[in-house]
Amino acid sequence: MMQHASATDPAPGPRPELVPDPDVETARIAAVRRYDILDTPPDGAFDRVAAMAARLFDVPVATVTIVDSDRIWFKAAHGLEGVKEIGRDPGLCGSAILRDDALVIPDTLRDAVAADNPLVAGEMGVRFYAAAPIITPDGHRLGTVNILDTRPRSITEDDTATLADLAAIVLDEMELRLSALRALRDEQERREAESRHAEAERARAEAERVAREQAEQDKAAIAAFASTLQRTLLPPALPVVPGLELACHYRTASAHDVGGDFYDVFPLHGDRWAFFLGDVCGKGPEAATVTALARHTLRAAAQINPDPVTVLSALNTMLLTDVTAGSRFCTALFGLLESREGSGFTATIATGGHPPAYHVRPDDSGAVWVKSVHPKGGMLIGAFPQAPFAQTTFSLTPGESLFLYTDGLTEARTTQGAMLGEDGLTGFLHQRTGPVTATSLVEDTITLLASLPDGAGDDVALLALSVPGRHTAPDGGVAATAHTAAAPEHFGQE
């Protein structure tokens, strides 16, 4: 990924030190204050980003910093013990927040601005520095995600893109934290107002009524918080993939528990797309932590090497080494799509202990052809070191679909009281009479669940991908149908 800079590389041209615009700087400091992040205790989410950056780029030091008016404060620091903040000297972080793109200094001693920075000229002797700014949705640069080394290095465009992705993950965590703080403050203000009201009323009957109402409100608040947290673990919308129709559905078994099912579809370099669907064991905040870790790890690992087996191996290592994951494991399918000349895709899918996917297409007689996609040998993810994973490659051509699901579907009970099972799901797919498209597969499966006596007793996640036939989308425009909310029954289309 990263390479050492050669001593014979030509000296870089002078890099002028940017000067912050006073009005822009005032607005930026206000944004820093709005997130209320300065001088807060260590946070595992930010520490994991710093540790991941150090591992991904093989550097001794990686940090997450917030730039204050007169200092640079370290929210997370990997390999930099005992340092909480430094002065806002020019050359490194102070320069990085003045840019929209990543700042890369292959050799700090050959950079006119960075050479005098204390981290360069001092005992630490930083020789390489790269940083991506943490940019808010309204354009304020709060700080940086940095990687440092005591040796000169070179860096690729893919490396800077990965560093920018890590900065975006930091912002996501800050937004989630800000939302939680606001909800907590609103809840505290509401409770204080109700307490004053209860004291004024003093009547026992009124107090009992208020207590009952409070219990219902707390129940609703818990459900709302669980729903909000669930949304942060799922993509807000499916992307539009040229030549592909996408559809998904997510239903939680309980409005009060955060589930561990997850899925995503995202682009890679070279006209390739990645997708995954998985299930973390258990429910609640602990499962949510592992779900977030799994989703972010799969995305980050795929940007470095999209080979599906390699990606699942990276997740296996992360779950075994990250202390926040505890002893939890997960199952997952990870797939890679590469456009074929003409139309369709070459699909490569790796499995880690997950139920099979299904390759579906209509045959010449009008019946539905269904094939299980289940490479043999894929173990649970996060259960054993050096766990083997298996993958298979096949073509997804016009008129064909790929259907993925979590085990909440196959464990649903039929009218006879037996689980639907893989045989029942295969039979359902064979007997369908509707179109074999991503949207129709997901909609028909939702109808199937609704027809069962008790619905689904566990969370259910569905993801379907289909290549339109010759008469399905003549102009090449394919919509993405998505249910991405945590509410039990929501189905939208964009």
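The values are calculated or read from the model by the stated rules, or taken from the named source; none is laboratory data. Source: prediction; values computed, not measured. When we count neighbours, we look across all protein chains shown, and the Cβ atoms used for this are built from the backbone with ideal geometry, even at glycine.
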If we keep only residues of segment 52-79 that are over 19 Å from ALA96 (Cα atoms) and surrounded by fewer than 18 Cβ atoms within 10 Å (Cβ to Cβ), then the residue modelled with the lowest pLDDT is GLY79
Residue pairs within 8 Å by beta carbon, gap of at least six or interchain, first lying in segment 262-279 and more than 14 Å from THR348 (Cα to Cα), second assigned to a strand (DSSP E or B) and of a type in the set (S, T, N, Q), listed first then second, are ASP271/SER339; GLY278/THR331; ASP279/THR331
### Query
Do we have any residue at all in segment 402-421 that's assigned to a helix (DSSP H, G or I) and free of Cβ contacts under 8 Å to residues at least 24 places away in the same chain?
yes
Restricting attention to segment 91-109, the residues that are part of a loop (DSSP other than H, G, I, E, B) and either free of Cβ contacts under 8 Å to residues at least 24 places away in the same chain or crowded, with 18+ Cβ neighbours inside 10 Å (or both) number exactly 7
Residues of segment 50-90 being under 21 Å from ALA115 (Cα atoms) and either of a type in the set (D, E, K, R) or in a helix (DSSP H, G or I) (or both), in sequence order, are ASP70, ARG71, GLU85, ARG88, ASP89
Check your understanding: Is it the case that HIS374 is closer than 22 Å to ASP407 by Cβ and under 23 Å from the mean Cα position of the chain (by Cα)?
Key -> no
All conditions in (1) outside any strand (DSSP E or B); (2) under 29 Å from the mean Cα position of the chain (by Cα) are true of THR144 except (1)
Answer yes or no: is there a residue in segment 118-125 that is in the same structural domain as ALA27 (by TED's automatic domain parsing), in a loop (DSSP other than H, G, I, E, B), over 21 Å from the mean Cα position of the chain (by Cα) and surrounded by 21 or more Cβ atoms within 10 Å (Cβ to Cβ). no
Looking at this structure, is ARG432 touching a helix residue (DSSP H, G or I) at 6+ places or on another chain (Cβ under 9 Å), modelled with pLDDT under 90 and more than 22 Å from PHE334 (Cα to Cα)?
yes
Of the residues in segment 339-357 that are farther than 30 Å from LEU320 by Cβ and touching a residue at least 24 places away in the same chain (Cβ under 8 Å), the one that is surrounded by the most Cβ atoms within 10 Å (Cβ to Cβ) is PHE345
Right, LEU268: in contact with a Pro (Cβ under 6 Å, 6 or more places away or on another chain), modelled with pLDDT of 90 or more and of a type outside the set (Lys, Arg) or not? yes
Condition set modelled with pLDDT of 90 or more and hydroxyl-bearing (Ser, Thr, Tyr), scope segment 358-383, selection surrounded by the most Cβ atoms within 10 Å (Cβ to Cβ): answer is TYR358
Apart from one, (1) among the polar types (S, T, N, Q); (2) surrounded by fewer than 19 Cβ atoms within 10 Å (Cβ to Cβ); (3) in contact with a strand residue (DSSP E or B) (Cβ under 7 Å, 6 or more places away or on another chain) all hold for GLN416; the odd one out is (3)
Would you check if there is a residue in segment 396-413 being farther than 30 Å from LEU298 by Cα, surrounded by fewer than 20 Cβ atoms within 10 Å (Cβ to Cβ), modelled with pLDDT under 95 and in the same structural domain as LEU463 (by TED's automatic domain parsing)? yes
Checked GLU175, GLU213 against criteria (of a type outside the set (Lys, Arg) and at pLDDT 75 or above); the one match is GLU175
